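Undergrad: Sending over a structure as structure tokens; questions will come in a sec.
No value in this document is a laboratory result; all are computed from the given coordinates. Predicted, not measured: the structure shown is a model, and the values here were computed from it. Here the Cβ positions follow ideal geometry from the backbone for every residue, glycine too, while neighbour counts run over all protein chains shown.
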Amino acid sequence: MEKYSNQTAVLGAIEIAPEVIESIAGIVASKVEGFHPLSGIIKTSVNTLFGREELAKGAYLTQEQGEFILDVYGNVDYGVSIPKLALLLQNKIKEQLLFSCELEISQVNIHVQTIIPAKNVDSKIFELGDEE
């Protein structure tokens, strides 16, 4: 993928690598309560070994027909409204990328992989089964 080039300024051109955009999206997603961005296990453990934290955390940028599309993968806490959470994530990521990079993302797709159960939910389920 090509690097994102902002308009040529008077002082010179500004190029932003796709990894930077993915990292910004990953940081924003990790700060939203109830959402846990995914990250590659091997990549994360290698980075951790060398003392680096993987910031992209499940965010992947693609470019189609001149438009930027961002896919964010993660897990959601049990009891959270997924549509409301996804809308919040989409807005926060778009705002931050516009502020940080002056980049308008045409789509921010949120992919929920699993639900993380609350600890007290499991105990209630077992209690119901014991009443028989």
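Undergrad: Please go through region 55-92 and give me each residue that is without any contact (Cβ under 8 Å) to a residue 24 or more places away in the chain and part of a helix (DSSP H, G or I), ordered by number.
TA: 83, 84, 87, 90, 91
Undergrad: What single numbered condition from (1) without any contact (Cβ under 8 Å) to a residue 40 or more places away in the chain; (2) acidic (Asp, Glu); (3) over 16 Å from residue 28 (Cα atoms) fails to hold for residue 95?
TA: Failing condition for residue 95: (3).
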